[in-house]
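Participant: Sharing a structure here in structure tokens format.
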Amino acid sequence: MIGLARFLRYALSKDPHLRLHAIRMFAQRMIPDYRLTWHQTGWWYDDDFNAYLDRFGERRDFNTHRKWMLWQLIRLVARVPGDTAECGVYKGASSWLICAATEQSARTHHLFDSFEGLSEPEPADGNHWTRGSLCAGEDLVRDNLRPFERRLKFHKGWIPERFSEVGDRGFAFVHVDVDLRQPTLDSLIFFYSRLSDGGILLCDDYGCTTCPGATAAIDSFLSDKPEKMIALDAGGGFFIKGATTGEQSRAIPAVARGSPESDRE
């Protein structure tokens, strides 16, 4: 009863900090391992970015953190030569950001998608996805991206069927969002050698428990490469071509995990 009374007091408070504590109390009951974020995060109040989220109906969705990271990361390739590409387009929300960020350039943006949803998942992909999930038609995407139509090149088909059409191109930024192991691996095999030095490959699915196959495919592919994925806190990961990346280390070094008694020995 004391806990319920405190929850109601916090929830009905005019103080946003106390209301956040009420949300935390509720979340700890419903999903004990869920980690909340402080609401003072400045980019939440970026009017232009919020207008973009509203355009695609994503402000109340679960993808806003990953979209913001895409918007920031693409700034790193402003002087890197090459086109941009997205594998797995869905409704075009990520392609919109890529095109908006490179609006003053002459880059062509290549879109690879079946426009029929996902292909058949393998056992390695777990049981979250089914064939046909995340289906959005090509006409819808073209309409959503109409402000950038002069710079778009659509390659409709199952990955990697149409990759050969850009075999002679170099790339500064590639966004991979195909959720499943095989098309993720196919995308890396093709684009890795075509990324310019300093170019970025960002995978929306990396580290997500709903996409174990995609994560495993990337780690396996990069195992003998100097680059390694940088895992992002809200899901997703990226690497920079030509930037040697250290192996993943433990958050708590072994020396810090030792007991005080062992430290004195």
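The values are calculated or read from the model by the stated rules, or taken from the named source; none is laboratory data. No experiment lies behind these values; they were computed from the predicted model shown. In this analysis, Cβ positions are derived from the backbone assuming ideal geometry, glycine residues included, and neighbour counts consider all displayed protein chains.
Participant: Determine, yes or no, whether Val141 is at pLDDT 95 or above, touching a Phe, Trp or Tyr at 6+ places or on another chain (Cβ under 8 Å), β-branched (Val, Ile, Thr) and closer than 26 Å to Glu227 by Cα. It would help to see each step written out before you state the result.
Facilitator: Values: at pLDDT 95 or above: yes; touching a Phe, Trp or Tyr at 6+ places or on another chain (Cβ under 8 Å): yes; β-branched (Val, Ile, Thr): yes; closer than 26 Å to Glu227 by Cα: no.
Answer is no for this residue.
Participant: Between a residue in the range 30-47 that is acidic (Asp, Glu) and any residue that is assigned to a helix (DSSP H, G or I) and surrounded by 10 or more Cβ atoms within 10 Å (Cβ to Cβ), which pairs come within a Cβ distance under 9 Å, given they are 6 or more apart or on different chains?
Facilitator: Asp46/Trp68
Participant: Take the conditions under 30 Å from Asp139 (Cβ atoms), surrounded by fewer than 21 Cβ atoms within 10 Å (Cβ to Cβ) and at pLDDT 95 or above and apply them to Asp168. Does it pass?
Facilitator: On the way: under 30 Å from Asp139 (Cβ atoms): yes; surrounded by fewer than 21 Cβ atoms within 10 Å (Cβ to Cβ): yes; at pLDDT 95 or above: yes.
The answer is yes for Asp168.
Participant: Could you please tell me which pairs satisfy a Cβ distance under 8 Å, a separation of 6+ or placement on different chains, a first residue in the range 59-79 that is closer than 20 Å to Ser105 by Cβ, and a second residue that is of a type in the set (Phe, Trp, Tyr) and surrounded by fewer than 19 Cβ atoms within 10 Å (Cβ to Cβ)?
Facilitator: Trp71/Phe49
Participant: Restricting attention to the range 98-124, and to residues there that are under 17 Å from the mean Cα position of the chain (by Cα) and surrounded by 21 or more Cβ atoms within 10 Å (Cβ to Cβ), which single residue is farthest from Ala214 (Cα to Cα)?
Facilitator: Cys99
Participant: In the range 93-126, what residues are touching a residue at least 12 places away in the same chain (Cβ under 8 Å), out of contact with any strand residue (DSSP E or B) (no Cβ under 8 Å at 6 or more places or on another chain) and either of a type in the set (S, T, N, Q) or closer than 16 Å to Trp71 by Cβ (or both)?
Facilitator: If the condition is that a residue be touching a residue at least 12 places away in the same chain (Cβ under 8 Å), out of contact with any strand residue (DSSP E or B) (no Cβ under 8 Å at 6 or more places or on another chain) and either of a type in the set (S, T, N, Q) or closer than 16 Å to Trp71 by Cβ (or both), then Ala93, Trp96, Leu97, Ala100, Ala101, Glu103, Ser119 are the ones that fit.
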